[in-house]
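The values are calculated or read from the model by the stated rules, or taken from the named source; none is laboratory data. Note that the structure is a prediction, hence the values are computed from the model and not measured. Neighbour counts run over all protein chains shown; Cβ positions are idealised from the backbone, glycine included.
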Amino acid sequence: MANEQERLPLNLDATALAGLFNDELQKAFESLGSFNLAIFGKTGSGKSTLLNAIFAQAIASTGIGMPVTKGMNYYRHPNGYLGIYDSEGFEMGTSGDAILTGLDRIVSKSNSGPMDQRIHAVWYLIRSSDRRFEVAQQSFISAIAALGLPVIIVMSQVPVKQRDGALEVHPDAVAFAKYIESLKLPTFGDGKVFLTNALPDSFNDTVIYGLQELLNATYDVVPLAAQTALTAAQGVDTRRKKDAAAAVIKQATVVASGIGTVPIPVADAALLVPNQIAMIARVTAIYGLPSSRARALSMAGSAIFTGGATYAGRYVATHLLRYLPGGIVVGSVISGTVAATLTRAIGFAWLKVCEYAISLPDTEQESFFSSSQAKEAFHGYLKSEK
Ligand SMILES: Nc1nc2c(ncn2[C@@H]2O[C@H](COP(=O)(O)OP(=O)(O)O)[C@@H](O)[C@H]2O)c(=O)[nH]1
Ligand SMILES: [Mg+2]
């Protein structure tokens, strides 16, 4: 870090910045850790669809993961922050015992081994139209719980309609869920059933339902160490992403004010850049922007810093001097306060760029970052930051 600070101001060209951003992005993804979910349910219950709805990127449709043990596959997101265990291709009815044996192996192995493959939560799906909940399913769920894994029961494909501004859950699904809940299975919330609809259907007029509640329950069972990874992986709760990113910005702001303790000449504002690059890399990781776009991302990341000193100086001159008492504190130097304010402004402007990017369809994110759009959006947001 100290080394970079000495070297960088002399070499603030786009390539060097892109390289630095890339390294920081790598580190940021690594430091997120990993969230691992196991998902079960009969074929057709909607496992792949639910995964796609909650974890922004089309993970489940990219195919089956690696077979790790009998009856189980493991899929690891390329960025490392998400792992999925599933039993795709195995029938729960006939392979239930094999799956349990496999699960037992994974649990005992990961409890003694590295944390990053440990199962943090289990979703068990029951399709609402099944209307039958078999004894075999009950004992399967109880057996998973007995392994010490937190299980969340999910009712999938629940028809939910919007009527006169209110949501109407199909009464048959409600009754079915009530029945399952009456069994008081040893799962999260004493056998509580989470009703979901992962796919809106305009023909039948149904809407997405219950995903946030399911996600909240999942946060409740997941250890703190895996929660940041879950925040990066999920695409439903933008509030949690924003809060986590804001915490990163706050930390970087404190570092920046430390760097500025000895006031830096405006022309050397680039001294702040390594810290700011690490910050925007971490914000990017929290937004879970995928690695296939890392190149485009690093170009965008470097584009916003190219000529860092010049633009930081201009930013300070046009935005900050005015807001400081009489310009006495800062004349031609950046104080700790200004360094912090500048860093904070950059952090939140980039946060908004990421927020906008994840609202775009997957296919448009690439062009957003590889064109000048991201940079322009960044500058637009920066102008509106105070
Ligand atoms: N309307 C609706 N259809 C769904 C939902 N989930 C899955 N489906 C449909 O049910 C079928 C099976 O879903 P899939 O996710 O492949 O099930 P899996 O075998 O458990 O992975 C597909 O045709 C999906 O489009 C849902 O929440 N609502
Ligand atoms: Mg599937």
Q) From the set of residues in the stretch 340-364 that are modelled with pLDDT under 85 and assigned to a helix (DSSP H, G or I), which is farthest from residue 54 (Cα to Cα)? A) 363
Q) Does any residue in the stretch 14-26 that is in contact (Cβ under 8 Å) with a residue 60 or more places away in the chain and over 13 Å from residue 303 (Cβ atoms) come within less than 7 Å, Cβ to Cβ, of a residue that is among the hydroxyl-bearing types (Ser, Thr, Tyr) and assigned to a helix (DSSP H, G or I) six or more places away or on a different chain, and which pairs are these? A) 22/298; 25/284; 25/298
Q. Which ones in the stretch 107-120 are in contact with a Phe, Trp or Tyr (Cβ under 8 Å, 6 or more places away or on another chain) and modelled with pLDDT of 85 or more?
A. 119, 120
Q: With respect to residue 56, determine if the residue is part of a loop (DSSP other than H, G, I, E, B), touching a helix residue (DSSP H, G or I) at 6+ places or on another chain (Cβ under 7 Å) and modelled with pLDDT under 90.
A: yes
Q: Give me a count of the residues in the stretch 201-216 that are more than 20 Å from the chain's Cα centre (by Cα) and farther than 14 Å from residue 156 by Cβ.
A: 5
Q | Selection count where residues are farther than 24 Å from residue 43 by Cβ and free of Cβ contacts under 8 Å to residues at least 24 places away in the same chain, scope the stretch 102-147 | A | 7
Q | Residues of the stretch 21-42 classified as surrounded by fewer than 21 Cβ atoms within 10 Å (Cβ to Cβ) and within 29 Å of residue 111 (Cα to Cα), total | A | 6
Q) Quick one: what pairs do we get from the stretch 37-58, first residue in contact (Cβ under 8 Å) with a residue 60 or more places away in the chain and β-branched (Val, Ile, Thr), second more than 9 Å from ligand 2 (Cβ to nearest atom) and part of a helix (DSSP H, G or I), C-beta under 8 Å, 6+ apart or different chains? A) 39/50; 54/211; 54/214; 54/215
Q.
I'm told residue 351 meets every condition in (1) surrounded by fewer than 19 Cβ atoms within 10 Å (Cβ to Cβ); (2) within 16 Å of residue 288 (Cβ to Cβ) except one. Can you identify the failing condition by its number?
A. (1)
Q) Restricting to the stretch 165-196, what's the tally of residues that are in contact with a Gly (Cβ under 9 Å, 6 or more places away or on another chain), more than 19 Å from residue 211 (Cβ to Cβ) and not in a helix (DSSP H, G or I)? A) 3
Q | Positions within the stretch 253-277 being over 15 Å from residue 354 (Cβ atoms), aliphatic (A, V, I, L, M) and assigned to a helix (DSSP H, G or I), in sequence order | A | 254, 255, 256, 259, 266, 267, 269, 270, 271, 272, 273
